[in-house]
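Trainee: Before I ask anything, let me first share the structure, which is written out below as structure tokens.
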Amino acid sequence: MKLLRNFLDTIKPNFEKGGKLEKFYPAYDAFETFAFVPGHTAHSGAHIRDAIDLKRTMVTVILAMVPALLFGMWNVGALHYKAIGVDASLLDAFGYGAFKVIPLIAVSYITGLGIEFAAAIMRGHQVNEGYLVTGMLIPLIMPVTMPLWMVAVSTAFAVIIGKEVFGGTGMNILNVALTARAFAFFAYPKNMSGDKVWIDTTTKSGESLVDGYSGATALGEMAGSGSTSFSAMDAFLGFIPGSIGETSTLAILIGAAILIISGIASWKIMASAIVGAAVMGGIFNIFAGYAISPEQQGFMGIPFWHQMLYGGFAFGVVFMATDPVSAAQTERGKWIYGFLVGFFAIMIRIFNPAYPEGIMLAILFMNVMAPLIDHYVVEGNIKRRLKRVNA
Amino acid sequence: MSDIIKIKKGTDINLKGKAQRVTESFEAPSLYALKPSNFNGIRPKLAVKEGDEVKAGQPIYFSKDDERIVFTSPVSGEVTEVERGEKRKILAIKILADKEIKYVDFKSADPSKLSREEVLEKLLTSGCWPLIVQRPYGIVADPNATPKSIFISAYNTAPLAADVQYVVAGEEAAFQTGIDALAKLTAGKIHLSIPGKGDVAKAYTQAKGVVLHKFDGPHPAGNVGVQIHHIDPINKGDIVWTIAPQDVIIIGKLFAEGKFIAKRKVALAGSEVKAPKYYEITIGAQLTNLLKEKLTPVKPRIISGNVYTGDQVAADGFMSFLSKEICVIPEGDEPEFLGWILPGFGKWSLSRAYFSWLSPKKEYVINANMHGEERAYVVTGEYDSVFPFDIYPQQLIKSIMMGDIEKMEQLGIYEVIEEDFALCEVVCTSKIAVQDTVRKGLELAHKELG
């Protein structure tokens with residue numbers, strides 16, 4: 001620790017004004033402040049400050065994602081061994097999954113942080129911590145079979161076009177991780193949808209897929225036939241195919257608890273999204289009889305609360321809709337924003353003929369609408385103040 | 001009056017080192033300083049030069065914009081130094097005090113028998129006038145204005161603040177005289193806010209000529225700005241004045257004794273004070289004698305005022321004009337290894353991202369460290385949770401950053417001054433300089449909107 005401090009102090013002059021590597025100061029600063037919370041003290045305004053900073057905020061969110069990540073790793077392995085008809089131990093399944101997932105995480109972080117550092121050096125800014133969370137979110141919302149280069153391209157697109165062109169963390173309109181997923185979804189649809197991508201089915205010599213194997217997700221089955229072979233309990237616990245981090249509602253709820261207790265994410269958005277989804281699901285339940293096809297009737301008819309267990313709904317609501325930069329910023333606005341995210345997610349899921357899931361598009365759509373919601377909320381406050389003068 | 005106005009938003013930080021309700025004396029300081037920077041919007045012009053002999057109550061400098069606003073010496077003695085900064089800006093005027101203080105005689109009088117002009121005149125010439133703060137903008141009151149009403153907060157909620165119930169004990173008569181004088185200045189009411197719970201000094205409960213309001217809740221419930229917002233909010237065009245109870249006493253003594261007695265019972269508090277207590281200190285006093293042998297060996301951050309809004313001063317610095325306490329906390333300028341990852345049981349945070357929330361009763365020692373670097377806004381809703389106004393704080397701050405005066409006006413800049421935003425600044429994850437930003441906004445609005 002002392003050694004590290006001394007090392008940092010020795011090389012620091014190179015990066016400071018007039019030093020040889022002056023341009024690379026943001027990179028040096030990122031590493032220095034990563035190792036040490038700086039000794040800066042308050043020189044104007046309040047003399048005492050909350051111990052929290054953006055690094056702590058981001059690391060708390062990552063901690064909240066860990067249950068979903070670990071479960072996802074195990075599930076990748078478990079589904080793989082099930083598909084090839086092998087009885088595997090918990091550790092084997094987890095090991096296999098980790099072997100598949102860790103490269104995705106590595107690619108996401110290397111690509112994203114590389115761009116962040118480059119942008120910071122170009123602009124002479126400090127490196128912002130926002131990507132620590134985005135970098136973990138991106139692999140968790142991809143199918144495990146996604147080729148690494150596609151992850152890299154999607155990440156690069158999202159960070160450059162989705163964030164840096166707007167001015168970096170805090171300035172973006174759309175959630176960055178979802179931008180990456182949306183890019184991948186439209187650029188590489190074959191790798192992002194259908195029945196083949198959700199389970200890793202690479203077989204070594206001597207292995208073969210079991211008879212009657214289907215790689216469809218629960219939502220895929222429902223859109224296709226109106227029913228699913230996965231029980232609600234399977235979906236709640238997460239023993240179903242899907243993007244890496246999205247399958248276990250339970251693991252996501254543990255993350256939600258961490259976010260809500262720590263006060264980092266807005267419980268209002270989560271709660272109102274659940275209400276929104278329940279309302280839409282309820283409406284579908286009532287009107288299932290008017291569906292245009294028997295499959296749709298089946299899909300619309302499942303108990304409204306089951307809708308929240310399948311697909312990416314829970315993951316999206318807990319980790320993506322609550323992104324404070326792209327969500328509504330006023331407290332009242334958060335209620336409206338969350339409600340509509342849930343409402344549209346279920347609506348799009350059932351009515352989208354091409355892809356039976358709606359949380360990604362619902363959140364991205366509401367990201368765009370959030371400033372408008374805030375505008376009307378703030379406008380209401382302004383009107384109230386004006387009324388007071390006239391009264 | 002009987003209803004308690006409950007403030008829900010806000011937070012109390014339980015800091016170590018609260019002052020015991022005991023007043024001790026200390027060796028009287030010999031050097032005093034007047035700093036124009038203690039006042040917003042004052043362009044100073046000197047009335048004395050180095051070497052002049054002055055009495056307590058004699059003008060030292062005055063405002064270029066209104067020469068009736070004078071700043072008088074708190075003691076008698078010799079002007080030893082006029083400290084100047086860049087562009088010859090006056091930083092401080094230092095006065096070496098006599099052993100025995102000689103006062104300018106302003107003639108004692110019963111303010112209730114004087115006219116408004118006579119009261120105004122006495123307050124202006126004696127140098128008591130700058131004790132009155134005007135809103136909007138948080139500036140020294142304008143003698144040409146007639147305020148809609150005058151607000152006094154007799155409720156402290158800031159951590160380590162001097163207890164306003166204690167400091168008025170024995171000064172009841174002076175407090176009432178001060179109220180009588182202020183009553184002449186406004187056509188409206190004098191609103192006096194007291195705590196809804198616990199002891200309330202009889203100086204307040206028995207005060208005549210005031211409307212009492214009871215407030216209860218966490219900081220900033222004791223801030224006069226919050227109280228104004230909940231009693232009678234400031235609208236465009238309104239002017240209200242505010243003054244602290246300690247300063248009402250100074251005004252009361254001016255009328256009772258005919259002297260500018262610039263003394264307050266001041267709390268010396270904070271985790272680095274060995275035995276936090278009260279001391280009678282004259283405005284502008286050098287702190288060297290006060291702090292002598294009273295601090296722990298930790299590198300100190302000395303604050304004239306409270307930890308949210310006070311001025312950082314050196315160990316041989318001077319007490320600011322409006323300060324009611326001197327707080328001493330650790331400086332905390334050491335880098336902390338992986339500080340953002342550790343569990344942080346002893347770290348205060350409004351969020352529960354550190355594990356200190358497991359022990360809510362804990363008394364904290366908090367240093368002046370920023371605990372992180374400044375960033376763009378990411379987190380939302382933090383300010384709202386500690387800002388008990390019907391105002392969108394983050395939106396207002398952003399409108400100030402953009403210099404959008406119309407938006408600032410619409411979003412309620414008239415109702416706030418920087419101290420109302422102090423807690424927002426404390427809890428800010430992005431470490432934005434909120435109070436400085438608000439001050440800039442107020443100055444811009446003052447200039448453009450008048």
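Taken together, the values in this text are just the output of simple stated rules run on the coordinates, not laboratory data. None of these values were measured; they are calculated from a predicted model. Heads up, the Cβs are rebuilt from the backbone with ideal geometry, glycines too, and the neighbour counts pull from every protein chain shown.
Trainee: What Kirkwood hydrodynamic radius do you get for region A:277-384 when you take the inverse of the mean 1/r over all pairs of distinct Cα atoms, in Å? Let's see the in-between values first.
Mentor: Numbers: mean 1/r = 0.0689 Å⁻¹.
Taking the inverse mean of 1/r over all distinct Cα pairs, region A:277-384 comes out at 14.5 Å.
Trainee: If you don't mind, another one. Using θ = phi - 60° and the Karplus relation 6.51 cos²θ - 1.76 cosθ + 1.60, list the HN-Hα couplings for region A:296-303 in order, rounded to whole Hz, with x at every Gly or Pro.
Mentor: 5, 4, x, 5, 5, x, 5, x
Trainee: P(r) of region B:319-450 in 5 Å steps, Cα pairs, percent per bin?
Mentor: 2, 9, 16, 18, 19, 14, 12, 7, 3, 1
Trainee: Students often get this wrong, so check it: of B:184/B:263; B:49/B:299; A:383/B:214; A:2/B:362, which have C-alpha atoms separated by over 26 Å? Intermediate values should be presented prior to the final figure.
Mentor: Working: B:184/B:263 24 Å; B:49/B:299 36 Å; A:383/B:214 29 Å; A:2/B:362 31 Å.
Exceeds cut-off: B:49/B:299; A:383/B:214; A:2/B:362.
Trainee: Please give, to one decimal in nm, the separation of the simple spin-label points placed at residue A:173 and residue B:187, each 7 Å out from Cα toward the Cβ.
Mentor: Distance between label points: 5.1 nm.
Trainee: Could you give the length gained by full extension between residue B:363 and residue B:21, i.e. 0.36 nm per residue of separation minus their alpha carbon distance, to one decimal place?
Mentor: Working: separation 342, 0.36 × 342 = 123.12 nm, distance 1.84 nm.
Between residue B:363 and residue B:21, full extension yields 121.3 nm more.
Trainee: When the convex hull of the C-alpha atoms of region A:151-305 is computed, what volume per residue in Å³ does it have?
Mentor: Values: hull volume 26.2 nm³, N = 155.
Per-residue hull volume (Cα only) is 169 Å³.
Trainee: Which log10 I(q)/I(0) values does region B:382-449 give at q = 0.18, 0.22 Å⁻¹ under the Debye formula, counting every alpha carbon as one identical point scatterer?
Mentor: Values returned for q = 0.18, 0.22 Å⁻¹ are -0.56, -0.85.
Trainee: What is the distance in Å between the Cα centres of region A:4-78 and region A:265-299?
Mentor: 42 Å
Trainee: Inside 10 Å of the C-beta atoms of A:54-64, what's the mean count of C-beta atoms belonging to other chains?
Mentor: On the way: counts 11, 9, 13, 9, 2, 3, 5, 1, 0, 1, 0.
Shielding by partners across A:54-64 averages 5.
Trainee: What ranking do A:108, B:25, B:351 get, fewest neighbouring Cβ atoms within 10 angstrom at the top?
Mentor: Numbers: A:108 28, B:25 7, B:351 21.
Ascending Cβ contact count within 10 Å gives the list B:25, B:351, A:108.
Trainee: Counting Lys +1, Arg +1, Asp -1, Glu -1, what net charge surrounds residue B:154 among other residues with beta carbon under 11 Å of its beta carbon?
Mentor: Numbers: positive: B:214; negative: B:163.
Here the charged neighbours net out to 0.
Trainee: Distances over 20 Å make up what percent of all Cα-Cα pairs in region B:202-357?
Mentor: Counting every Cα pair in region B:202-357, those more than 20 Å apart make up 65 percent.
Trainee: Express in whole angstrom the spacing between the alpha-carbon centres of region B:385-450 and region B:210-251.
Mentor: Result: 19 Å between the Cα centres.
Trainee: Okay, moving on. For the protein assembly as shown, state the semi-axes of the equivalent ellipsoid (square roots of 5 times the eigenvalues of the alpha-carbon gyration tensor), sorted largest first and rounded to whole angstrom.
Mentor: Details: eigenvalues 747, 172, 97 Å².
Rounded to whole Å, the semi-axes are 61, 29, 22.
Trainee: Given springs between every Cα pair under 10 Å in a Gaussian network model of chain A, which of A:100, A:204, A:55 has the largest fluctuation?
Mentor: A:204
Trainee: Here is a follow-up. Over chain A, with a Gaussian network built from C-alpha contacts below 10 Å, which listed residue (A:340, A:309, A:54) shows the highest mean-square fluctuation?
Mentor: Between A:340, A:309, A:54, it is A:54 that shows the largest mean-square fluctuation.
Trainee: Another question about this same structure. Give me the number: length gained by fully extending residue A:225 to residue A:43, i.e. 0.36 nm times residue separation minus the C-alpha to C-alpha distance, one decimal in nm. Before the final figure, lay out the partial values.
Mentor: Working: separation 182, 0.36 × 182 = 65.52 nm, distance 6.57 nm.
Here the segment from residue A:225 to residue A:43 would lengthen by 59.0 nm.
Trainee: If you don't mind, there's one more thing I want to ask. Take the Cα of residue B:28, step 7 Å along the line toward its Cβ, and report every residue of region B:238-270 whose backbone nitrogen sits under 15 Å from that point.
Mentor: Hits in region B:238-270 for residue B:28 at 15 Å: B:260-264.
Trainee: Return the Rg/Rh ratio of region A:1-103 with Cα-based radii and a Kirkwood Rh.
Mentor: Numbers: Rg = 22.1 Å, Rh = 17.9 Å.
Expressed as Rg/Rh, it is 1.23.
Trainee: A follow-up question, please. From Cα coordinates alone, what are the radius of gyration and Dmax values for chain A in angstrom?
Mentor: Gyration radius and largest Cα-Cα distance of chain A: 23.0, 84 Å.
Trainee: Taking the simple approach of a point 7 Å from Cα along Cα-to-Cβ for both residue B:145 and residue A:122, what is their distance in nm?
Mentor: Here the answer is 4.9 nm between the modelled labels.
Trainee: Sticking with the crude label model, points 7 Å out along Cα→Cβ, report the distance from residue B:376 to residue A:4 in nm, one decimal please.
Mentor: Each label point is offset 7 Å from its Cα along the Cβ direction, giving 2.8 nm.
Trainee: Here is a further query. Take the Cβ-Cβ distance between residue A:34 and residue A:368 as r, set R0 to 30 Å, and report the resulting FRET efficiency rounded to the nearest 0.05.
Mentor: Numbers: r = 33 Å, r/R0 = 1.12.
Once the sixth-power term is evaluated, E becomes 0.35.
Trainee: Separate question: Which of the three applies to region B:107-257, rounded, prolate or oblate, going by the alpha-carbon gyration tensor with a ≥ b ≥ c and a/c under 1.5 meaning rounded?
Mentor: Numbers: a/c = 1.81, a/b = 1.21, b/c = 1.50.
Since a/c reaches 1.5 but b/c is at least a/b, the shape of region B:107-257 is classed as oblate.
Trainee: Explain nothing, just compute: Karplus ³J(HN,Hα) = 6.51 cos²θ - 1.76 cosθ + 1.60, θ = phi - 60°, for every residue of region B:71-84 in order, whole Hz, x for Gly and Pro.
Mentor: The phi angles translate into 10, 9, 6, x, 9, 9, x, 10, 6, 9, 7, 10, 8, 10 Hz.
Trainee: Ok, one more. Rounded, prolate or oblate, given the Cα gyration tensor of chain B, with a/c below 1.5 counting as rounded? Don't skip to the end; give the middle numbers.
Mentor: On the way: a/c = 1.44, a/b = 1.24, b/c = 1.16.
It comes out rounded by the Cα gyration axes.
Trainee: Work out the mean other chain Cβ neighbour count within 10 Å for the residues of A:261-274 and drop it here as an integer. Intermediate values should be presented prior to the final figure.
Mentor: On the way: counts 4, 7, 10, 5, 2, 3, 0, 1, 1, 0, 0, 0, 0, 0.
The per-residue average across the peptide is 2.
Trainee: Let me ask something else. When B:316, A:211, B:66, A:374 are ordered from fewest to most other Cβ atoms inside 10 Å of their Cβ, what list results? Before the final figure, lay out the partial values.
Mentor: Details: B:316 12, A:211 6, B:66 15, A:374 22.
Ordered by Cβ neighbours within 10 Å, fewest first: A:211, B:316, B:66, A:374.
Trainee: Something else: Name the most mobile residue of B:108, B:359, B:63, meaning the one with the largest mean-square fluctuation, in a Gaussian network model of chain B with Cα contacts below 10 Å.
Mentor: Result for chain B, Cα springs under 10 Å: B:359 fluctuates most.
Trainee: Towards the positive end of the charge dipole of chain A, with charges on Cβ (+1 Lys, Arg; -1 Asp, Glu), say which of A:135, A:244, A:310 has the farthest Cα.
Mentor: Selected residue: A:135.
Trainee: In the neighborhood of residue A:176, defined by Cβ-to-Cβ distances under 11 Å, what is the net charge if each Lys or Arg adds +1 and each Asp or Glu adds -1?
Mentor: Values: positive: A:163, A:181; negative: A:116, A:164, A:323.
Neighbour charge sum, excluding residue A:176 itself: -1.
Trainee: I've got another one for you. To the nearest whole number, what is the average tally of beta carbon atoms from other chains within 10 Å of the beta carbons of peptide B:57-68?
Mentor: Working: counts 0, 0, 0, 0, 0, 0, 0, 0, 0, 0, 0, 0.
Counting other chains' Cβ atoms within 10 Å and averaging over B:57-68 gives 0.
Trainee: List, in order, the whole-Hz ³J(HN,Hα) value for each residue of region A:164-181 obtained from phi through the Karplus relation with A = 6.51, B = -1.76, C = 1.60 and θ = phi - 60°; use x for Gly and Pro.
Mentor: 3J(HN,Hα) across region A:164-181, in whole Hz: 5, 5, 8, x, x, 3, x, 10, 6, 8, 9, 4, 5, 5, 5, 4, 4, 5.
Trainee: Would you mind ranking B:80, B:282 so that the residue whose beta carbon has the fewest other beta carbons within 10 Å leads the list? Numbers along the way, then the final one.
Mentor: On the way: B:80 15, B:282 19.
By the 10 Å Cβ count, ascending: B:80, B:282.
Trainee: Then there is this: Can you give me the Cα centroid spacing of region A:106-157 and region B:305-384 in angstrom?
Mentor: Value for the Cα centre distance between the two parts: 33 Å.
Trainee: Next question. Determine the shape class of region B:31-97: with a ≥ b ≥ c the square roots of the Cα gyration tensor eigenvalues, call it rounded for a/c under 1.5, and otherwise prolate if a/b is greater than b/c, oblate otherwise. Provide the component values of the computation, followed by the final result.
Mentor: Numbers: a/c = 1.87, a/b = 1.29, b/c = 1.45.
Because a/c hits 1.5 or more and a/b fails to exceed b/c, region B:31-97 counts as oblate.
Trainee: Under 5 Å between amide H atoms, partner at least 5 residues away or on a different chain: which partners does residue B:326 have, H built in plane at 1.01 Å?
Mentor: Those lying under 5 Å, H to H, from residue B:326 are B:267, B:268, B:269, B:305.
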